[in-house]
């Protein structure tokens, strides 16, 4: 990822695009802008315009920290290709979606958070799920439980299983945009997180007995 300086510069610039939008819209923005929504999709937190711009600067820092963590991974060679592209684009995508939600609400034309976030998150999980079966062992990306990290067969089986779960889960998360509550989505997310871990452990126990 550090070798591809052009893509790194592009994704960093895209992460900061909402800052440019904020400077352009500065005079139109109110002194306090929405920065947080509750489970019902209602704004319940405000911040200053300067804090808003700092928020996207923080996302850029997170972008670089993710890249740095991957670059320092002892198995960083396993994070080339699609894995690198995936890591490089996650934070920029989050920044653009967040910018759209914040600025639309600040300008009095709010978008539906409870509709947009499930669709965005679901698409993200579908993309990640398609990649997981191809994910090679590393310490940064993937289902990093000890039983999978210690055994390549366990890692491969766990990530094939996780790929199917995350694609199906991503579609289910998108479908929750039609529901009036976020609790179903949270339940799906919990299952997506825990099921691959349990599968990896059961795989380990089964083969340890043999």
Count of region 30-59 residues which are surrounded by 15 or more Cβ atoms within 10 Å (Cβ to Cβ), farther than 22 Å from residue 142 by Cα and free of Cβ contacts under 8 Å to residues at least 60 places away in the same chain: 7
When the residues of region 152-177 are filtered to those that are more than 15 Å from residue 131 (Cβ to Cβ) and in contact with a helix residue (DSSP H, G or I) (Cβ under 7 Å, 6 or more places away or on another chain), which remaining residue is surrounded by the most Cβ atoms within 10 Å (Cβ to Cβ)? 173
Being part of a helix (DSSP H, G or I), modelled with pLDDT under 90 and surrounded by fewer than 17 Cβ atoms within 10 Å (Cβ to Cβ) is the filter here; which residues of region 69-107 pass it? 69, 71, 72, 77, 82, 85
Search result, residues across region 112-131 that are farther than 21 Å from residue 168 by Cα and surrounded by 16 or more Cβ atoms within 10 Å (Cβ to Cβ): 113
Mind checking which residues of region 1-24 are part of a loop (DSSP other than H, G, I, E, B) and surrounded by 14 or more Cβ atoms within 10 Å (Cβ to Cβ)? 1, 4, 16
Evaluate region 178-186: report whether one residue or more is assigned to a loop (DSSP other than H, G, I, E, B), buried (at least 16 other Cβ atoms within 10 Å of the Cβ), more than 16 Å from the chain's Cα centre (by Cα) and modelled with pLDDT under 95. yes
So which residues in region 187-202 are surrounded by 16 or more Cβ atoms within 10 Å (Cβ to Cβ) and either in contact with a strand residue (DSSP E or B) (Cβ under 9 Å, 6 or more places away or on another chain) or within 26 Å of residue 41 (Cβ to Cβ) (or both)? 188, 189, 192
Is it fair to say residue 66 is in contact with a helix residue (DSSP H, G or I) (Cβ under 7 Å, 6 or more places away or on another chain), without any contact (Cβ under 8 Å) to a residue 40 or more places away in the chain, more than 21 Å from residue 112 (Cα to Cα) and assigned to a helix (DSSP H, G or I)? yes
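The values are calculated or read from the model by the stated rules, or taken from the named source; none is laboratory data. Since the model is a prediction, treat every value here as computed from it, not as a measurement. Cβ: placed from backbone, ideal geometry, glycine included. Neighbour counts: every protein chain shown.
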